[in-house]
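The values are calculated or read from the model by the stated rules, or taken from the named source; none is laboratory data. Values in this document were obtained by computation on a predicted structure and should not be read as measured data. Heads up, the Cβs are rebuilt from the backbone with ideal geometry, glycines too, and the neighbour counts pull from every protein chain shown. These accessible areas exclude ligands, DNA and RNA; they are computed on the full protein's heavy atoms, side chains included. Shrake-Rupley method; radii C 1.70, N 1.55, O 1.52, S 1.80 Å.
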Amino acid sequence: MSRLDETHDPGRRSWIESANAPGTDFPVQNLPYGVFSHGGGPCRVGVAIGDMILDLTAAEGQGRLGTGQPVFDTGSLNRFMARPKEEWTSMRRRIAALLDAAAGTRDLPLVAQADAVLHLPAEIRGFTDFYASREHATNVGSMFRDPANALLPNWLHVPIGYNGRASTVVVSGTPITRPLGQLKGPEDAAPRVGPTAKLDFEVELGALVGTGNAMGAPMSAAEAWEAIFGYVLLNDWSARDIQVWEYQPLGPFLSKAFGTTISPWVVTRDALEPFRVPPPERAVPLLPYLREETPNNLDIVIEAELAPEGRAGRRILRTNARWLYYSAAQQLAHHTLSGCAMETGDLLGSGTISGEARESWGSLLELTWNGRDPLDVEGGRRAFLEDGDSVTLRGHCDGPYRIGFGTCAGTIRPAPAAPGPRD
Ligand code: MN
């Protein structure tokens, strides 16, 4: 079942020359949506093309997009994401035609990316974080429990997840404040309050729900694939020492709730169609509602770079979303199984993406094996993140052309003083 159309033609070029440069993240075959402002003006919806942004809010106002009711007039993507999926596809075809090298008119509202401020692309009211990488779950289970039984008995049957905080999902570039938390080492008699000493990142893929489901009405995996509007890079900042004390028995709480960074450009499901790949081999058969009849994994290379304050960045890992054991479609299908209602703009994190090789492990927890084997960075070594450190994720698909995700970056700010009276 191929859903390729003329928007996926590798030979297609744009009259915007920077979109034809070999290394660009944003060729005319990509067309990711985002929200931007410039010159202190209001938020507008746009599409990235080369080093420019096509201002869809303005183009729609000029009647250039053929929309009846406006869909790009609210300063977020939600109104468009809530439209039927056929409209996502027809809009992509229309925008591609406007930007095509053969287009008759070049009189379009364009803004240089260098002059724009990027904002959260959607109003995100729900954030759920999964744990869908078998290699990551195996690493963590080996580290904290038992290498011989690293995966818990449910893992190969259930896409494990927890409900996170949408209120602290932020766009790339937003500083992250080192969290305070209750800390208690194994030798400590009692917990204390302090800044985390094990601040970490998690390399993840985020999926944004376009079409929700009614409460009480589950989706199949096939329906869930179609319900996803698009994907972003996601860094799920984590405090490992807070987590280890708080997580039993209900799972992570404050250790994961202080900040989650996403990349500003939403790469659409339509754009990723040529990069669908089969999932890893199943260790045990999945229950029927999780079975996929199409390859729903995505071949996306994701790299992370760590830069100490005032120093150059150094690449510390390279992984691939194709290794996830459960696809975003399976995560979403599972999320709805009980009748949980999913809404337009809900964000699903894949969980840390790790592969088999050490250089593909998607967190410092794994790369340094909980601090035992520090990494070399410019000017020093790191077990976990220090104040002033910046982490930047970049992702792209490689094929007949390159589809990029842009960057997902954040810098660590020092922790505040602990609230309340002194002991
Ligand atoms: Mn996570």
Study note, to complete from the structure: Note: VAL193 to ARG94 extended length (0.36 nm per residue) minus current alpha-carbon separation gives 30.1 nm
Practice item. Could you run the Karplus curve 6.51 cos²θ - 1.76 cosθ + 1.60 with θ = phi - 60° over the stretch 15-25 and give me ³J(HN,Hα) per residue in whole Hz, x for Gly and Pro? Key: 6, 8, 4, 5, 6, 9, 5, x, x, 5, 6
Practice item. Could you size up the charge dipole of the chain around its Cα centre, putting +1 on the beta carbon of Lys and Arg and -1 on that of Asp and Glu, and report it in debye to the nearest 20? Key: 260
Review point. Tell me, what HN-Hα J-couplings in whole Hz come from the Karplus equation 6.51 cos²θ - 1.76 cosθ + 1.60 at θ = phi - 60° for each residue of the stretch 171-187, using x for Gly and Pro?
Key: 7, 3, x, 6, x, 10, 7, 3, x, 8, x, 6, 10, 8, x, x, 8
Practice item. State in Å² the accessible area per residue of the stretch 187-261; use a 1.4 Å probe, count heavy atoms of protein chains only, and round to the nearest integer. Key: 39
**Study point:** Förster radius 22 Å - calculated FRET efficiency between ALA222 and ASN163 (Cβ-Cβ, nearest 0.05)
**Key:** 0.35
Revision key, fill the gap. Between SER142 and ARG13, Cβ-based FRET efficiency (R0 45 Å, step 0.05) works out to 0.35
Point to revise | Surface per residue (accessible, 1.4 Å probe) for the stretch 1-101, Å² | key: 41
Point to revise | the chain, accessible surface, carbon-and-sulfur percent (1.4 angstrom probe) | key: 52
Review point. GluC sites (Glu not before Pro), restricted to the stretch 168-237: which are DSSP loop and have at most 10 other Cβ atoms within 10 Å?
Key: GLU187
Point to revise | Contact order relative to length of the stretch 127-413, as percent, for alpha carbon pairs under 8 angstrom and 6 or more apart | key: 28
Study note, to complete from the structure: Here the stretch 192-198 yields Karplus 3J(HN,Hα) values (6.51, -1.76, 1.60; θ = phi - 60°; whole Hz; Gly and Pro given as x) of 10, 9, x, x, 4, 9, 10
Exercise for review: Using the charge dipole of the chain (Lys, Arg: +1 at Cβ; Asp, Glu: -1 at Cβ; taken about the Cα centre), state which of TRP323, VAL140, PRO27 has its Cα farthest towards the positive end.
Suggested key: VAL140
Point to revise | trypsin sites (Lys or Arg not before Pro) restricted to DSSP loop in the stretch 44-106 with at most 16 other C-beta within 10 Å | key: ARG106
Exercise for review: Return the long-range amide H neighbours of VAL170 (sequence gap of 5 or more, or a different chain), with a cut-off of under 5 Å between placed amide H atoms.
Suggested key: THR260, THR261, ILE262
Review point. Stretched out fully, how many nm does the piece from ALA102 to ASP387 gain, at 0.36 nm a residue minus the Cα gap?
Key: 97.6 nm
Review point. Based on the alpha carbon coordinates of the chain, what radius of gyration and maximum Cα-Cα distance (Dmax) apply, in Å?
Key: 21.5, 74
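Only helical DSSP H runs with n ≥ 4 go in: add -39500 (n - 2.57) per run for the chain, normalise by residue count and round the 222 nm mean residue ellipticity to 500 deg cm²/dmol. Can you show the working numbers first?
On the way: 9 runs with 67 residues, N = 423.
Taking each H run of at least 4 residues, the total per residue is -4000 deg cm²/dmol.
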Practice item. Quick one: compute the contact order of the stretch 73-163, relative version, from alpha carbon pairs under 8 angstrom and 6+ residues apart, as a percent. Key: 26
